[in-house]
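Notes for the one structure printed next.
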Amino acid sequence: MISIKYHSGIYTLETKLTLPISVDEAWEFFSSPENLCRMTPKHMNFRITSGKPESMYRGQIISYQLSPIPGIRTNWVTEITQVDEQKYFVDEQRFGPYSMWHHEHRFIETSEGVLMTDKVSYKLPFGFLGRFSHAVFVKKQLMHIFSFRSQVLSSLF
């Protein structure tokens, strides 16, 4: 399930996915920034540029390059701002294509495995042009990225 809502100039994307694994396994996989490469569509040419990342920790800065549009590369820098081990972590964009990007990752153990919830609050630059680009391009791209991610995770686990 993926949904996107608009409120007060901010978009919020939410996804939920249950994986038949333990919280320990989920945390081990998601707390390694290197696994982002596995969960991003190949055509986006996603790569970490800040060196081989350590396991995630509060205050960690990670830089990436990716191609949101074929032939155009952009830099993106995020900071891990909150970590509650095996429960949730938050990454926030410090530099990149969005005016704001706040991504919460939550993990809840259930009888069927782990319920993973992503909540991304984001804002695009350029006012009306940003809202227009969201309607024409950004929304579809984010839906594709998070659908791809769900497919990869379902096949891995």
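Just so it is clear, none of the values below were taken in a lab; they were calculated from the coordinates. Nothing here was measured: the structure is a model prediction, and the numbers come from that model. Virtual Cβ from ideal backbone geometry, glycine too; neighbours counted across all protein chains shown.
General observations
- Near-label residues of the stretch 15-38 by backbone N, under 18 Å of a point 7 Å along Cα→Cβ of Arg94: 33-34
- Each of Glu85, Glu92 was scored by other Cβ atoms within 10 Å of its Cβ. Arranged with the fewest first, they read Glu85, Glu92.
- MRE, 222 nm, helices only [DSSP H, n ≥ 4, -39500 (n - 2.57), over the chain, to nearest 500]: -6500 deg cm²/dmol
- Spin-label proximity, Lys5 to the stretch 91-121 - amide N less than 14 Å from point 7 Å beyond Cα toward beta carbon: 119-121
- Label-zone membership for the stretch 112-128, site Glu104, 7 angstrom Cα→C-beta point, backbone N under 14 Å: 116-122
- The stretch between Ser111 and His144, if pulled fully straight at 0.36 nm per residue, gains 9.0 nm over its current Cα-Cα span.
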